[in-house]
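Data first, discussion second: the structure below is written as structure tokens.
The values are calculated or read from the model by the stated rules, or taken from the named source; none is laboratory data. Remember, predicted model here, so these are calculated numbers, not experimental data. Here the Cβ positions follow ideal geometry from the backbone for every residue, glycine too, while neighbour counts run over all protein chains shown. To get the accessible areas, we keep the full protein, side chains included, count just its heavy atoms, and leave off ligands, DNA and RNA. Shrake-Rupley method; radii C 1.70, N 1.55, O 1.52, S 1.80 Å.
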Amino acid sequence: MIMKRRGFLAFSGVAGMGMAFRKAFGKMPDDEKKQLQGMTKPKITYEKIHLELYHPWTITRGTANYKENVLVYYTKDGVTGVGEAGHMTAAGQNADRTIRELQPLIHLYRDTEPFLFYDLPEKVREIVPELSPAKAALDIALMDWIGKKLDIPVYQFLGINPVSEVKTSFSIGRDKPEVMKQKVKEAAPYKILKVKITGRGDKEAIRAIRSMTDKPIRVDVNEGWTDKEKAIREIEWLVAQGVEFVEQPMPVDMLEETRWLKERSPIPIVADEAVNTSKDVLRIKDAYDGINIKLMKSGGLIEAYRMTLLARLFNLDIMLGCMIETTVAIAAAVQLQALARWVDLDGNLLIKNDPYTGLTLKNGHWVMSGKPGIGVERRSNK
Ligand code: MG
């Protein structure tokens, strides 16, 4: 309890920082204020991009060889920040819908002083209440702009250590055992493997990976288990195979059963579908050991950062995840990586024609460029 109280005070302190900034801003002489604000409203544009994939991606009605994401550009005072929307196709998201959802949000961002971003997530939620990667795209573009305007990386602005040796996992797509073995071979540069549990041929799939490597494996059940007794037996088998943790084993609404499972599981149970924003953290905190934070679910870096504060408060471990995203959205998430116990940021590694650079994989973990903002640059030929 004492730990929790102390955590709460720390959280209030950070929340107060936004207030302090607003107060200080209010007292600034007008010319300094104008310098910070600039004289003009931002120009906000967007671009649909076509991403070629190394491996076909399984979607509801078959497979796709490409993905369409949306890049957003926030320009003011001669400085441009970039953000990105990646889509969860299974949830009905796509580039055209994102572009529609961007329209009213662009108006909000045009009318908001960029350095007064603290209240933006709530205002954005009033306009687009549902899950939308459009929110993340604008938020990332604004945070990139702020970093560039201040000439510091976003991690520095947030007070986060840039150095982290937490290795990213790499997803091995489900296929016939022989194909999966080949994929494990191709995944040689990555130190941790992640695989989806589908309810069909799962043990064969895990055995196929194990026959090739002794690397740690992580599994994502995507809400697939509905019987808790059976689930704990599955977990015990997975533990014997060297599986590190289980992501979203049971449906989101089976919170009590998930808590039962968590109390008995020898490895951590991590929430994904069950947690999108801070509000969800409060609801699910006793049923899981950790939470998978994704910028496309949270609506960007501001809310993701708030979620890390809450996770610490409630002793939840932090995982960082992604969709298929270019270096833009991945580099935004990597800003937070020193706060995470587990990193699952491999979306850009699945893309053949990533238009941006700014991240390097070193011995399995991400190294940032150290450049201002999220530290990315457009490739000259894209
Ligand atoms: Mg997941």
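Shape analysis of the chain based on the Cα gyration tensor places the equivalent ellipsoid semi-axes at 35, 24, 18 Å, largest first.
Report Rg/Rh for segment 75-123, rounded to two decimals, where Rg is the Cα radius of gyration and Rh the Kirkwood radius. Write down the numbers at each step before the final one.
Numbers: Rg = 13.1 Å, Rh = 12.8 Å.
Here the Rg-to-Rh quotient is 1.02.
For segment 179-319, what does the equivalent ellipsoid look like in terms of its semi-axes, each the square root of 5 times an eigenvalue of the Cα gyration tensor, given largest first in whole Å?
Whole-Å semi-axes of the equivalent ellipsoid: 26, 19, 12.
If you roll a 1.4 Å probe over the heavy atoms of the protein chains, what accessible area per residue do you get for segment 257-313, in Å²? Working shown, then result.
Values: 1750 Å² over 57 residues.
Accessible surface, normalised per residue, equals 31 Å².
For segment 240-299, the Kirkwood radius over C-alpha pairs fed into Stokes-Einstein at 10 °C and 1.306 mPa s yields D = 135 µm² per second.
Within straight-line reach of K371, meaning a Cα separation under 14 Å, sit the following aspartates and glutamates at least 8 residues removed in sequence or on another chain: D144, D151. Here the Karplus curve 6.51 cos²θ - 1.76 cosθ + 1.60, taken at θ = phi - 60°, turns the phi angles of segment 295-302 into couplings of 4, 6, 8, 6, x, x, 6, 4 Hz, with x standing for Gly and Pro.
Any idea what the dipole of segment 129-191 comes to, in debye rounded to 20, about its Cα centre with Lys/Arg Cβ at +1 and Asp/Glu Cβ at -1?
Numbers: 10 positive and 8 negative charges, 66 e Å.
Roughly 320 debye for segment 129-191.
Once you've got the Cα coordinates, tell me which of K43/K362; K123/K148; K181/K352; K185/K285 are over 29 Å apart. In this structure, K43/K362; K185/K285 lie more than 29 Å apart at Cα.
Which of the peptides 183-193, 165-175 is most tightly packed, and how do the rest follow, going by the mean number of other Cβ atoms within 10 Å of each residue?
Packing order, densest peptide first, comes out as 165-175, 183-193.
Extending 7 Å from the Cα toward the beta-carbon at both E130 and A90 defines two label points whose distance is 1.8 nm.
Compute the whole-percent fraction of alpha carbon pairs in segment 100-173 spaced more than 22 Å apart. Write down the numbers at each step before the final one.
Details: 1057 of 2701 pairs.
Distances greater than 22 Å cover 39 percent of the Cα pairs.
For segment 48-191, the equivalent ellipsoid built from the Cα gyration tensor has semi-axes of 33, 22, 13 Å, listed from largest to smallest. Applying 1/(1 + (r/R0)^6) with r as the Cβ-Cβ distance of E256 and N161 and R0 = 35 angstrom yields a FRET efficiency of 0.40. A helix-only calculation puts the chain at -12500 deg cm²/dmol for mean residue ellipticity at 222 nm, using -39500 (n - 2.57) for each DSSP H run of at least four residues, averaged over all residues. For the chain, the relative contact order is 18 percent, taking Cα pairs closer than 8 Å that sit 6 or more residues apart in sequence and dividing their mean separation by the residue count.
Where the convex hull is taken over the Cα atoms of segment 270-337, what is its projected area averaged over directions, in nm²? Intermediate values should be presented prior to the final figure.
Numbers: hull surface 15.8 nm².
Over all viewing directions, segment 270-337 projects a mean Cα-hull area of 3.9 nm².
The alpha carbon centroids of segment 350-382 and segment 76-100 are separated by 18 Å. Only protein heavy atoms count here; under a 1.4 Å probe, F115 has an accessible surface of about 10 Å².
So which trypsin sites (Lys or Arg not before Pro) in segment 310-352 are both in a DSSP loop and have at most 12 other Cβ atoms within 10 Å of their Cβ?
Details: sites: R312, R341, K352; in loops: R341, K352.
Counting only loop positions with at most 12 other Cβ atoms within 10 Å, the trypsin sites (Lys or Arg not before Pro) in segment 310-352 are K352.
Using only side-chain charges placed at the Cβ, +1 for Lys and Arg and -1 for Asp and Glu, the dipole size of segment 271-355 relative to its Cα centre rounds to 260 debye.
Look at where the Cα atoms of segment 223-290 and of segment 153-197 average out, and the two centres are 21 Å apart.
Build a GNM of the chain with springs between Cα atoms under 10 Å: which of V275, V179, V72 gets the top mean-square fluctuation? Looking only at V275, V179, V72, the biggest GNM fluctuation is shown by V179.
For segment 147-271, the relative contact order comes to 19 percent (Cα pairs under 8 Å, sequence separation of at least 6). For the residues H107, H50, H365, a 1.4 Å probe over the protein chains yields an accessible-area ranking, largest first, of H107, H50, H365. Summing Cβ point charges (Lys, Arg +1; Asp, Glu -1) relative to the Cα centre of the chain gives a dipole of roughly 480 debye. Between the listed residues Y305, S132, N65, the Cα displaced farthest toward the positive end of the dipole of the chain, a dipole computed from Cβ unit charges relative to the Cα centre, is found at Y305.
With contacts defined as alpha carbon pairs under 8 Å and 6 or more residues apart, what's the relative contact order of segment 265-344 in percent?
Values: 111 pairs, mean separation 22.0, N = 80.
This gives 27 percent for segment 265-344.
Would you tally the net charge around T45, using a Cβ to Cβ cut-off of less than 15 Å, leaving T45 out, and scoring K and R as +1, D and E as -1? Charge balance near T45 sits at +3.
Could you please state how large a percent of the accessible area of the chain is carbon and sulfur, counting protein chains only and using a 1.4 Å probe?
The value for the chain is 52 percent carbon and sulfur by accessible area.
Of all DSSP-defined beta bridges confined to the chain, some 55% are antiparallel rather than parallel.
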